[in-house]
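Below is one structure, written out as structure tokens; comments come after it.
The values are calculated or read from the model by the stated rules, or taken from the named source; none is laboratory data. Given the structure is predicted, the values throughout are model-derived calculations rather than measurements. Note that we place each Cβ from the backbone using ideal geometry, even for glycine, and neighbour counts take in every protein chain shown. Each accessible area value is taken on the protein alone, full model and side chains, heavy atoms only, with ligands, DNA and RNA left out. Shrake-Rupley method; radii C 1.70, N 1.55, O 1.52, S 1.80 Å.
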Amino acid sequence: MSLKNKTVLITGASRGIGKAIGLRLAREGANIVIAAKSIEENAKLGGTIFSAAEEMEKAGGQALAVQCDIRFEDQVQNVIDKTVERFGGIDVLVNNASAISLTPTEQTDPKRFDLMYSVNVRGTFFITKACIPHLKKSTNSHILTLSPPVNMNPRWFKGHIAYTLTKYNMSMMVLGWAAELKQFNIASNALWPKTTIDTAAVRNLLGGEALAKMSRTPEVLADAAFYIFSKAASLCTGNCFIDEEVFAKEGITDLSKYSVVPGAQLYTDLFVD
């Protein structure tokens, strides 16, 4: 299925995984909508919606940068309205925006708890809701959410219960949408990396430079997303994919080119046993 001239709305696409997915699909000729908060450069994070849009247009796509905090319905609706005005519809939604705080219960304050639920759960739910009427009009619609398979091993709750709950909520919504929207030929899948990914979150919050060197680049998820979107929506829905599984289905087993440091031992990501 060609992505040329398809319109892809990506939350949190000013940097990291969201931006990598946007660039990959822009190379296929897609229209990319960057829905994110960053309009000024942050030294620790890097990138804005405008710099991301410029890169995506250089990559071969059309781009629309719209400042959006998905916690607020009016901002979500503004993104939808501007997307439809510019490109005429929405074919793909990527739920990438997410908040993280890997804190145990006693160290999790209400502000961080509420932020994770507002972004990861509530924000993901309501931007998806807003996109559905437009996805129904497309011929091969996809919703892709960056969340893990629901793994009930207690080790993935211990130490960061609040964050785990929100990410599993996202995955449960994925499965619910797959069943609810199948009649409209809208696919809903989740995607999660087998290894840690070299992002600002890894470098600034999780393990610093040492962990980044044991990670893969965001392009591994971008290519996996491309393969998912290339499938017919009616035949590829209701999955909580690990990126390596997506590549295996394509007959690709050598992922060495995605390693930040060639030949380095890779660190397994959260929620993957």
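List pairs: first residue in segment 143-158 and within 16 Å of D269 (Cβ to Cβ) and open to solvent by less than 40 Å² (accessible area, probe 1.4 Å), second residue among the charged types (D, E, K, R) and not in a loop (DSSP other than H, G, I, E, B) anywhere in the structure, Cβ distance under 7 angstrom, at least six positions apart or on different chains.
Going by the 7 Å Cβ cut-off, the qualifying pairs are S147/K167; P148/K167.
A quick yes/no check of all residues on (1) modelled with pLDDT under 95; (2) within 18 Å of the chain's Cα centre (by Cα); (3) open to solvent by less than 30 Å² (accessible area, probe 1.4 Å):
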site: A43; (1), (2), (3): yes, no, no
site: K58; (1), (2), (3): no, no, no
site: C68; (1), (2), (3): no, yes, yes
site: E73; (1), (2), (3): no, no, no
site: I80; (1), (2), (3): no, yes, yes
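I'm trying to understand the selection: among the residues of segment 167-193, which are free of Cβ contacts under 8 Å to residues at least 60 places away in the same chain and among the β-branched types (V, I, T)?
Start the filter on segment 167-193 by keeping residues that are free of Cβ contacts under 8 Å to residues at least 60 places away in the same chain, which leaves 168-169, 172-173, 176-177, 179-191.
Matches in segment 167-193: I186 only.
Consider K213 carefully, then state whether it is touching a residue at least 40 places away in the same chain (Cβ under 8 Å), among the basic types (K, R) and surrounded by fewer than 18 Cβ atoms within 10 Å (Cβ to Cβ).
Here the answer is yes, as K213 does meet what is asked.
Test T199 against the criterion of being among the β-branched types (V, I, T), under 28 Å from D91 (Cβ atoms) and in contact with a Gly (Cβ under 8 Å, 6 or more places away or on another chain), and give yes or no. So that I can check it myself, show each step before the final result.
Values: among the β-branched types (V, I, T): yes; under 28 Å from D91 (Cβ atoms): yes; in contact with a Gly (Cβ under 8 Å, 6 or more places away or on another chain): yes.
When the stated conditions are applied, T199 passes them.
Here's a check for you: in segment 98-114, which residue that is assigned to a helix (DSSP H, G or I) and touching a residue at least 40 places away in the same chain (Cβ under 8 Å) is farthest from the chain's Cα centre (by Cα)?
Per the criteria, the residue is T105.
Here is a yes/no grid of residues against (1) over 18 Å from T217 (Cα atoms); (2) over 12 Å from the mean Cα position of the chain (by Cα):
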position: T7; (1), (2): yes, yes
position: G18; (1), (2): no, no
position: L23; (1), (2): no, yes
position: K37; (1), (2): yes, yes
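For segment 248-259, name all the residues that are touching a residue at least 12 places away in the same chain (Cβ under 8 Å) and open to solvent by 50 Å² or more (accessible area, probe 1.4 Å).
K249, E250
Evaluate the following for I32: is it buried (at least 24 other Cβ atoms within 10 Å of the Cβ), in contact (Cβ under 8 Å) with a residue 24 or more places away in the chain and in a helix (DSSP H, G or I)? Talk me through it step by step, then tell me what you get.
Working: buried (at least 24 other Cβ atoms within 10 Å of the Cβ): yes; in contact (Cβ under 8 Å) with a residue 24 or more places away in the chain: yes; in a helix (DSSP H, G or I): no.
Taking the combined requirement at face value, the residue does not satisfy it.
Read through the list (1) in contact with a helix residue (DSSP H, G or I) (Cβ under 9 Å, 6 or more places away or on another chain); (2) of a type outside the set (G, A, S); (3) open to solvent by less than 30 Å² (accessible area, probe 1.4 Å), then give the number of the only condition that I49 fails.
(1)
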